Every structure is written in C-alpha cells, then in structure tokens.
Amino acid sequence: MTVRTSLKTTWLVALAILAVAVAVAPASAEKKPTQQTVLYELTENAAYFDMAGNPTGDPAKVVRRTATAQLQGYAALGTVLCPAGVLITNPKAQTCTITATGEDDVNVLFNDAWGVIGFEGTVGGTYAVVIDGDNPVDSPEAVVQVGRFWGKIDLSPTLVGIPLGVITGGTVTVDYSVVPGLAGAEAPFTGTFRMPFGKDASGEKIKPRRGKDAFYLDDNHQPFPVGKDERALGYPTVRFEVNF
Ligand SMILES: [Ca+2]
C-alpha cells in the first residue's frame, strides 16, 4: 500500500461519509443491539490535509483526517474499565461511567491497480473512570481510575456510504486505580463505530440533523434508532462499542 501522488477526486473521504445516498433496508425490528461497554462522542475537532500535507478545505483533495474527540459512556462491571472495587459510592451499580479523550489519524490508502483501497489509521487516548463526587445531579466527576488505550482504526466502509468503522488490535491499560494492584493491568479490545444518520420519507439515508430522528446501523446493516440518551446537546452522537 502506497500513497499515490494523484488523487481520484471522486473519493471524498470522510466527506462522503454520511452524504452518500445509500438505500437503507427497512427495519423489520429496529432494536438496539445489547452492548455493555459503549462510549459516545460528545465533541470532535477534526482537521483535513491534502497530499502535500497542507490543511485543505477542499473535499476533493483530502487524503488525511485527524481528529480529537471527547467521549463519555459506560463500561460493564467486571471489565478492566469497571472493576468492582471502583464502585465506592454505589456498590450495587452494574456499570461504571467512563470519560475519555481520543485522537485518531486516518489516511486514504491507494494502490496502483485499484486506486483507493481503504481509509485507515491509528487511534489512541486516555480515559478516566468517574463516580459521583460533589454533585449527584450532573454527570459523575470523581476520578477513581485512569489509563490509556490505542489501536488501529478502519473507516473504509464510510467511503462507500456505510456509516460503520472498526478498531482492531486495541489495548487498554490501567495507569492508576483505587483498586489495589490494578495499576499496570492491560486488556485487549476491539471496537465498532456507528455513525448516526437520518432517513427521508422513502427510507433513503440522509445527513442527520440536530433534534431530528436519527439511526445507527447494526452489524447486519439494519437501522436502529438513536436513543434520547445517545445525544449530546440534542445532536445524535457517534456510538463506539467496546468489546473485551
Ligand atoms: Ca456529578
């Protein structure tokens, strides 16, 4: 795989992401997949670069996308992100609240025979496990564990209008925990990104809008609704499922 100097302008990367009109199969049962560890992208700052490495606002020239995101979600009890001992204030809870800052660096991959062959890169960041500290009304804030994560990210499906991506070869580590002996622990993980999208009256996929109905695709490419608790300030969020 090499990055070629001439770019097929029809491939507009992330840009095409949700704009491509791909018919979404009607949902027979729009049911949320059961998933125990999920993070949601609350904010994202992205930058786009051309072949020469310069920032560009021209979607036709983008070959690289970097971004920093703030995430929050929950982890299943018993995983490395939620050892029982961290649930100090609520020992009966079945999940831990997780906050994270993630960075990714994703590049369009080319080869001479086929042109664009993928949209892949790296992802990494830091996380904290938080519990209620001073205000039980807003979200949990008292840090009881911190660590790092990294892996490989593949957003190639978005190039053809499928709003899914994966993380493979992931590792999460514990740098500090209130649980004695846990610092230094690490665990492998994989992940799935589900980008929210809208649907028009005929079921065609359209760009999601704030406050409007939005959907995710499940692993069988069936849509299921973005829940009220899967939005940030009214915006449907990217849903990131973590599998240990
Ligand atoms: Ca709070």
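Some notes on this structure:
- Failed item, numbered, when residue 73 is tested on (1) away from the ligand (no atom under 16 Å from the Cβ); (2) under 30 Å from residue 221 (Cα atoms): (1)
- Residues of segment 172-206 that turn out to be of a type in the set (Ser, Thr, Tyr), closer than 30 Å to residue 157 by Cα and over 23 Å from the mean Cα position of the chain (by Cα), as a count: 1
- For segment 27-63, a residue qualifies if it is surrounded by fewer than 11 Cβ atoms within 10 Å (Cβ to Cβ) and at pLDDT below 95, and the qualifying residues are 28, 29, 34, 57.
- Residues satisfying the stated conditions in segment 133-172, i.e. in contact with a Gly (Cβ under 8 Å, 6 or more places away or on another chain) and within 16 Å of the ligand (Cβ to nearest atom): 140, 141, 142
- Residue check for residue 130: within 16 Å of the ligand (Cβ to nearest atom) and modelled with pLDDT of 95 or more: yes
- Listed by first and then second residue, the pairs with beta-carbon distance under 9 Å, at least 6 apart or on different chains, first residue in segment 76-93 and hydroxyl-bearing (Ser, Thr, Tyr), second assigned to a loop (DSSP other than H, G, I, E, B) and crowded, with 21+ Cβ neighbours inside 10 Å, are 79/37; 89/140.
- Unique match (being away from the ligand (no atom under 16 Å from the Cβ), over 19 Å from the mean Cα position of the chain (by Cα) and hydrophobic (A, V, I, L, M, F, W, C)) among 93, 84, 100: 84
Results for (1) free of Cβ contacts under 8 Å to residues at least 24 places away in the same chain; (2) closer than 22 Å to residue 93 by Cβ, shown as yes or no for each residue.
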position: 133; (1), (2): yes, yes
position: 167; (1), (2): no, no
position: 175; (1), (2): no, no
position: 195; (1), (2): no, no
position: 213; (1), (2): yes, no
position: 233; (1), (2): yes, no
position: 241; (1), (2): no, yes
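The values are calculated or read from the model by the stated rules, or taken from the named source; none is laboratory data. Every value quoted in this text rests on a predicted model; they were computed, and no experiment measured them. Glycine also receives a Cβ, built like all others from the backbone with ideal geometry; neighbour counts cover every protein chain displayed.
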